[in-house]
Each structure stands twice: as structure tokens, then as C-alpha cells.
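Below is one structure; the comments refer to it alone.
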Amino acid sequence: MQEQLELLIKEAEQEIDNCSGVNDILNAKAKYLGKKSMLNGFYGKMKELDAEQRPAFGDQLNSVRKQIETLLSARSKAIQESNWEKSRVDFDPSMPGISLRRGGYHPLSIIRRQIDEVFISLGFEIAEANEIEDEFHNFDALNTPKDHPSRNLADTFYVDGGMLLRTQTSPVQIRVMEKHKPPIRIISPGRCYRNDKPDPSHSPVFHQVEALVVDKGISMADLQDTLQNFASIMFGSKVKSRIRPHFFPFTEPSAEMDISCVSCGGKGCRVCKQSGWLEMGGAGMVDPAVFDILNIDSEIYTGFAFGLGIERIAMLKYNIPDMRILFENDLRMLRQFRGEL
Ligand code: PHE
């Protein structure tokens, strides 16, 4: 019996040593430890022995089983490791990798961030509000008459429930003044919507940045100073700015803001249509009627506001001749703007 067991271990040792894959291991395990194995047969013979011989014999069988188990697990670990080795040999670290193209920001996002930074450096905070507005904030509180053409279906996208897609960032002025007492010094960049046909200088979706400053003693000079500061930081110290009389329902007086042409320096070229100036947006002193609606004492406080077109700035900075290019999102164009082509 003793001899038989020793032989069994020898045989198992050899066979397990020759195993080269997981299947071989499983087969060997079944053969040497399974139900039909010789070892299991020996366990069955236990009952033929005298009671006092049984424990020693049982111990012996258990030890054989342990030895075989140890052989199996050692071999299967070795097989696993050699597979690893093989796959490592297949991996050549000197091969060139697959290059992944990096994404990047859209020119409008880049410009928007630059604008944010310029105004933050001038002491402004950033305010935001919803793109879906009510008529009160987009029109009424901005002193816009009920029959004003901008309220027209042909100009404004209305949605259900008396709401609309904001046509300007000016409603953010109202929302800020509803919540905060002066002094106020905010900008609010964001998306606006108008029912315009796309063409080189129009898009039904576009971006503005609103600025609002309200405090004691704010004057038109502060507006001009802020505009000039913005123009110098954004376009360079040689760029001049000016304001011209205009009309908006919520500012009095109202103005339109220009900067000297960044392309020709003011001499006149195709970009500025020979005028030497580029229109940047609307501006003015907050109309006391707006303060009245918001219970801000217009005897004590004055303020200025303006709205810049972000597309305009991006088109000048990136030399983009047609606004629609900014919304087509042709990857080749976007990469070119980022200097990747
Ligand atoms: N909201 C105006 C427009 O979209 C621009 C503007 C902003 C004018 C602030 C005056 C003050 O045309």
C-alpha cells in the first residue's frame, strides 16, 4: 500500500510537470483527486481496515492529497506566469504609439474666457441667468413698450407659457438688480436668440456680454473709460474707442460703441467698410424708469450698461469673414483657429 502511494505521487508529479495549459491541469486534477481517482479508491478501502489502523491510514491519504494539490497549484501558477512572460515578449515598447488627437476649445469659448478675464481684472463679477426668459425681464422691466417691434414674432422666438428665448443679455441686468442693492459691477456673457436668417453677420443664435455698473456718481465718463480699457486689453494699446448717440428703451442717453479698425488701424479697409471704425454694441446710462421698476432710488444712484457682441470680437480676433463659420463646427476650421493646422 505504502509503495502504491509513493508510486502514485511520482506518477502525479511527472504528469503535472508536463501540464502546459489550464486544461491539462484540470484533467490531472480529475485523474488524481477526482471521484474515480486511485486516491479516492483508497479512501473507500478505509472501512476494510481495523478501527485502530484507520486514523494513521487516513492521515497518510490526506497527506498524499495535500502533496498532489500543492503540485497542481504550483504548476498552474507557473503556467500563468509563463503566459505573462510570453505576452510581455510580444509587447514592443519601442513601437510608435497610436496618437490621439487632443480636443480644444471653440473660438467663441476662448474669446468668452478672455473677455471674462479682462473684466475680472477691471473689478467686475460674473452673473448668469436663464436663456428662457419671461416677457417681464426681457422687455417690460427694460422699459420696452408693448408695441415695440423687437417683441414681434418675426424677431423673437416665443415658447409655451408666456416665455421666450432671451433676445439679449440685458434681462440679466434686471435679475441682478432685483436681488442686489448697489454698488453693482457685473458682466454677464451668454447665448441669445433672434428670429434672424443666417447670413455673414447674423445668426439666430449668438452671444453677447452684458455689463452693468450701478453706484453713486457713475457717469458717461466711466462708461467710456471701461470701454477704452476693454478695447486696449483685448485688441492692443493702439486701439481707440468712441461712442455715438443711439436709442435703446432702457438707457438714457443711449449710445453705440465703436473701436478703431483693428485691421487697418483706422485708415479704412474692407473689414471696416472704409469707415475706419468697427461697431461693437449698444450702451448707455441706465434709464431712471428701469431703476423705478426695481425700487432703486434714481436720485441717489446712477449706472451704465453695455452689451458687446461676442461673435464680432471672435471674428476680428480670428479673421473670420462669415459668422456662420462659427456655428458650422467644421473640425478643420476649428483646428485652424487653434493653430493646429
Ligand atoms: N441689449 C442691447 C442689444 O441687444 C444692447 C445694450 C445693452 C444696449 C446694454 C444698452 C445697454 O442691442
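For every residue, the table says whether it meets (1) of a type in the set (Val, Ile, Thr); (2) surrounded by 14 or more Cβ atoms within 10 Å (Cβ to Cβ); (3) part of a loop (DSSP other than H, G, I, E, B).
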| position | (1), (2), (3) |
| --- | --- |
| ASP17 | no, no, no |
| SER20 | no, no, yes |
| LYS29 | no, yes, no |
| TYR32 | no, yes, no |
| LYS35 | no, no, yes |
| LEU39 | no, yes, no |
| PHE42 | no, yes, no |
| MET46 | no, no, no |
| PRO55 | no, no, no |
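The residues in region 243-259 that are closer than 24 Å to TYR318 by Cβ and surrounded by fewer than 21 Cβ atoms within 10 Å (Cβ to Cβ) can be counted, and the count is 1.
Being surrounded by 20 or more Cβ atoms within 10 Å (Cβ to Cβ), within 23 Å of SER263 (Cα to Cα) and of a type outside the set (Val, Ile, Thr) is the filter here; which residues of region 294-311 pass it? Scanning region 294-311 gives GLY307, LEU308, GLU311.
Just to be sure, is ALA211 loosely packed, with under 15 Cβ neighbours inside 10 Å, at negative phi and among the aliphatic types (A, V, I, L, M)?
Details: loosely packed, with under 15 Cβ neighbours inside 10 Å: no; at negative phi: yes; among the aliphatic types (A, V, I, L, M): yes.
No, not satisfied.
Read the figures in this text as sums done on the coordinates, not as results from a lab. Worth saying up front: this structure is predicted, and the values here are computed from it rather than measured. With ideal geometry, Cβ positions are generated from the backbone for all residues, glycine too; neighbour counts draw on all protein chains shown.
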